[in-house]
Amino acid sequence: MTLVPFDDRDGWIWLDGQFVPWRDAKVHVLTHGLHYASAVFEGERMYGGEIFELTAHTQRLVNSARILDFEIPFSVAEIDAACIATCARNGLDDCYVRPIAWRGSEMIGVSAQQTKIHLAIAAWEWPSYFDPEAKRRGIRLGRAQYRRPSPETAPTAAKAVGLYMICTISKHAAEREGYADALMLDYRGYIAEATGANIFLVRDGVIHTPTPDCFLDGITRQTVIRLARERGFEVVERHIPEAELGTFSEVFIVGTAAEVTPVGEIGEFRFTPGNLSLSLMEDYASLVRRQPAMA
């Protein structure tokens, strides 16, 4: 597959209130966000011309910025409108949408209170995050070297760029070992999530999912919990010790990019994607495209 660099594409990017040609959407090398991770972002999906849970994503973007001690100079409504306009300007109605806000280059140093806050929004076509056939069989997860940090040591309630450093390291290591992704534990040793998606585990028809007290309570996660309960499934949110992995029959991960993806393997443990995982995968696909869910 030919790699198309993200800095050399046709199209338009919304930057600080106006559209600029894709290749001209640049920042200076001394941008604070690049050196000190003072940036927050969102990952959104447009299906059939509508961005799923757009306002919820935008509100989280604004809240993430506030946690990092800066204010985005656009309202939630303005950001929502800009996301929709970016997709339209690029002629897209099924795509991935990436808003990002960051501190600029006016100051470089730990303290940077006089920096300008920037906001950019890009959108591009996005196929399945994982191979479609592998999704049906269940993807393979390795184990991550790093753990999700304590909320006392990092702003874990924010979708902040710095928190993804260990995710990139862990996913790269997993891919080198032939896995699609990696399971991350939290700082206490409980099951947390994959590198970019929340996780659910099934035992005796009951769905278990980690309590999101040191990682994001994903918007897709919240949606899937609602869908599961609407189907009559019991969903238990709790701290799940790693030692319990071998007691579950089904596992699946969820996220804006991953959607609902069954897991067939975590290290030495094997799982079989069953009716519960596959039905929620279909329910979610139907919901985001506003089609009737299958019985």
Scanning segment 194-209 residue by residue, those open to solvent by less than 20 Å² (accessible area, probe 1.4 Å) and more than 11 Å from F252 (Cα to Cα) turn out to be T195
Tell me which strands (runs of 3 or more DSSP E) are completely within segment 40-155 and hold 1 or more residues being of a type in the set (A, V, I, L, M) and open to solvent by 40 Å² or more (accessible area, probe 1.4 Å), or say none if there are none. 95-103
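Is it the case, given these coordinates, that V260 is within 26 Å of L163 (Cβ to Cβ), out of contact with any Leu (no Cβ under 7 Å at 6 or more places or on another chain) and open to solvent by less than 30 Å² (accessible area, probe 1.4 Å)? Please lay out each step first, then the result.
Numbers: within 26 Å of L163 (Cβ to Cβ): yes; out of contact with any Leu (no Cβ under 7 Å at 6 or more places or on another chain): no; open to solvent by less than 30 Å² (accessible area, probe 1.4 Å): yes.
No, not satisfied.
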Tell me, which residue of segment 263-295 that is within 21 Å of L185 (Cα to Cα) and of a type in the set (G, A, S) is surrounded by the fewest Cβ atoms within 10 Å (Cβ to Cβ)? G267
Of the residues in segment 156-193, those that are β-branched (V, I, T) and surrounded by fewer than 17 Cβ atoms within 10 Å (Cβ to Cβ) number 2
Within segment 76-131, how many residues turn out to be closer than 30 Å to A180 by Cα, out of contact with any Cys (no Cβ under 7 Å at 6 or more places or on another chain), of a type in the set (G, A, S) and at pLDDT 95 or above? 3
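Which of the residues that make up segment 18-39 are under 18 Å from A77 (Cα atoms) and touching a residue at least 24 places away in the same chain (Cβ under 8 Å)? Show your work before the answer.
Of all residues in segment 18-39, those under 18 Å from A77 (Cα atoms) come to 18-19.
Scanning segment 18-39 gives a single hit, F19.
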Total residues in segment 225-276, condition at pLDDT 95 or above and among the small types (G, A, S): 7
Would you mind listing the strands (runs of 3 or more DSSP E) fully within segment 182-295 where at least 1 residues are within 24 Å of R136 (Cβ to Cβ) and touching an Asp or Glu at 6+ places or on another chain (Cβ under 8 Å)? 191-194, 198-203, 206-210, 250-255, 259-266
State which residue pairs qualify: first residue more than 16 Å from D69 (Cα to Cα) and inside segment 141-166, second residue of a type in the set (D, E) and surrounded by fewer than 16 Cβ atoms within 10 Å (Cβ to Cβ) in any location, beta carbons under 8 Å apart, and separation of 6 or more residues or different chains. G142/E177
Using beta carbons and a limit of 7 Å, which pairs, at least six apart or on different chains, have the first residue in segment 221-244 and more than 16 Å from E282 (Cα to Cα) and open to solvent by less than 40 Å² (accessible area, probe 1.4 Å) and the second one modelled with pLDDT of 95 or more and part of a helix (DSSP H, G or I)? V235/I225; V235/A228; V235/R229
Check whether at least one residue in segment 210-219 is open to solvent by less than 10 Å² (accessible area, probe 1.4 Å), in contact with a Cys (Cβ under 7 Å, 6 or more places away or on another chain), within 22 Å of A154 (Cα to Cα) and modelled with pLDDT of 95 or more, and report yes or no. no
How about segment 259-293: which of its residues are in contact with a helix residue (DSSP H, G or I) (Cβ under 7 Å, 6 or more places away or on another chain) and acidic (D, E)? E259, D283
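The values are calculated or read from the model by the stated rules, or taken from the named source; none is laboratory data. The structure presented is a predicted model; accordingly, all values stated were derived computationally and were not measured. With ideal geometry, Cβ positions are generated from the backbone for all residues, glycine too; neighbour counts draw on all protein chains shown. Side chains are part of the model used for accessible areas, which takes the heavy atoms of the whole protein and leaves out ligands, DNA and RNA. Shrake-Rupley method; radii C 1.70, N 1.55, O 1.52, S 1.80 Å.
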